[in-house]
Structure formats: C-alpha cells, structure tokens
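Asker: One structure is given below, represented as structure tokens, and several questions about it will come after.
The values are calculated or read from the model by the stated rules, or taken from the named source; none is laboratory data. Just so it is clear, the model here is predicted, and its values are computed rather than measured. Because the Cβ atoms are built from the backbone with ideal geometry, glycine has one as well, and the counts that use them run over all protein chains shown. These accessible areas exclude ligands, DNA and RNA; they are computed on the full protein's heavy atoms, side chains included. Shrake-Rupley method; radii C 1.70, N 1.55, O 1.52, S 1.80 Å.
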Amino acid sequence: QPSWWTSIPSAQREGWGVPRLDKCTPEFHALREMLVPSDPRELGKGRDCGVGGYNKLVISQAWRVEHPRHLDRYNAEVQEVRWLVDRAKEAGLTCPSVQIRDALSRPGEALAAATKPLQHDLNECFLMHGTKAE
C-alpha cells in the first residue's frame with residue numbers, strides 16, 4: 001500500500017476506503033489549482049451553468065479512493081505499457097511526448113509530488129474530465 005494512503009476503518013473492513021482529504025494537504029492544494037481556468041471568461045457558459053452562471057470554481061471537498069486491487073491492476077497496466085514502449089524502442093520507433101497545457105501540468109506535477117512521481121517516459125499524466133449536467 002502506498003505511503004500516502006491512510007488506514008481508515010472501512011478500508012480494513014471492506015478492503016478499500018475513500019478518506020476525505022484535509023484542506024491543508026499538498027494533494028488538496030494541487031486539486032484546487034487544477035480548477036483554475038486558463039480563461040475565466042469561458043466559465044458560466046453551457047448547460048451546467050443554470051441561471052446566473054458563475055465566474056470561478058471552488059473546491060469544497062475531495063476524497064482519495066484507496067483500493068489495493070485497483071492499484072494492483074493499474075500497476076500491471078503500467079508494466080504492460082512499459083513493455084510495449086521498450087519493444088517499440090528496440091524496433092527503432094519513438095513515442096512522442098504528450099503535451100499538456102501548463103495550467104494543468106503544473107498542478108499535476110504538484111499532485112504527483114504529493115503522491116508518486118509520474119513516469120514521463122510512458123507519458124503518464126493527470127487528466128481531468130467533466131460529468132453530465134444532470
């Protein structure tokens with residue numbers, strides 16, 4: 001189990017847990033920075049804004065999923081990608097580097113520093129996704 005994981009009662013009982021992140025942690029700070037838009041004028045538009053819109057995003061809570069079996073699966077997939085990249089290099093091929101905008105890559109690096117280093121040679125990075133408005 002990673003050193004940054006906590007031991008919470010449900011994790012011991014269920015085999016996995018979802019602890020809430022303290023607002024003072026580097027993880028929480030990095031997540032907050034990820035919500036700073038590159039262009040604030042883009043906020044308040046679209047189906048999700050409702051009446052009146054909004055002009056900033058504020059994180060109020062965050063949780064970390066701590067699931068050892070999922071982590072094992074993730075680590076196995078990382079090893080598979082590493083194997084594929086190594087075979088490609090042996091064949092004389094190169095993997096292009098993924099370029100992520102600075103506004104997301106900087107907090108992603110901070111999040112990695114608080115948890116585990118990213119494997120840049122495998123193009124490992126943190127990405128974000130949205131959910132449907134409903």
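Asker: Out of (1) in contact (Cβ under 8 Å) with a residue 40 or more places away in the chain; (2) loosely packed, with under 13 Cβ neighbours inside 10 Å; (3) of a type in the set (Ser, Thr, Tyr), the odd one out for THR25 is which?
Answerer: All conditions pass for THR25, except number (2).
Asker: Quick one: would you say GLU109 is surrounded by 10 or more Cβ atoms within 10 Å (Cβ to Cβ) and acidic (Asp, Glu)? Outline the logic, then answer.
Answerer: Details: surrounded by 10 or more Cβ atoms within 10 Å (Cβ to Cβ): yes; acidic (Asp, Glu): yes.
Yes: the conditions hold for GLU109.
Asker: State all residues of region 58-71 that are under 21 Å from SER3 (Cβ atoms) and surrounded by 10 or more Cβ atoms within 10 Å (Cβ to Cβ); if no residue qualifies, say none.
Answerer: Within region 58-71, ALA62, TRP63, ARG64, VAL65, GLU66, HIS67, PRO68, HIS70, LEU71 meet the criteria.
Asker: Where the second residue is assigned to a helix (DSSP H, G or I) and aliphatic (A, V, I, L, M) and the first is closer than 23 Å to LEU93 by Cβ and lies in region 71-83, which pairs have Cβ atoms under 8 Å and are six or more apart or on separate chains?
Answerer: The qualifying pairs are VAL78/LEU122; VAL81/LEU122; ARG82/LEU122.
Asker: Name the pairs: first residue in region 32-55 and under 23 Å from PHE126 (Cβ atoms) and open to solvent by 80 Å² or more (accessible area, probe 1.4 Å), second residue assigned to a loop (DSSP other than H, G, I, E, B) and modelled with pLDDT of 75 or more, Cβ to Cβ under 6 Å, at least 6 apart or on different chains?
Answerer: ARG32/ILE59
Asker: Can you list the helices (runs of 4 or more DSSP H) found entirely within region 22-132 that contain at least 2 residues being basic (Lys, Arg)?
Answerer: Per the criteria, 68-90.
Asker: For region 6-17, name all the residues that are open to solvent by less than 60 Å² (accessible area, probe 1.4 Å) and either modelled with pLDDT of 90 or more or part of a loop (DSSP other than H, G, I, E, B) (or both).
Answerer: Passing the criteria: THR6, ILE8, GLY15.
Asker: Filter region 74-101 down to the residues that are loosely packed, with under 11 Cβ neighbours inside 10 Å and either under 30 Å from ASP39 (Cα atoms) or of a type in the set (A, V, I, L, M, F, W, C) (or both) and list them by number.
Answerer: Once the filter is applied, which keeps residues that are loosely packed, with under 11 Cβ neighbours inside 10 Å and either under 30 Å from ASP39 (Cα atoms) or of a type in the set (A, V, I, L, M, F, W, C) (or both), region 74-101 yields ALA76, TRP83, ALA91, LEU93, PRO96, SER97, GLN99, ARG101.
Asker: Can you tell me which condition LEU104 does not meet? The list is (1) at pLDDT below 90; (2) more than 30 Å from THR6 (Cβ to Cβ); (3) aliphatic (A, V, I, L, M), and all the others hold.
Answerer: (2)
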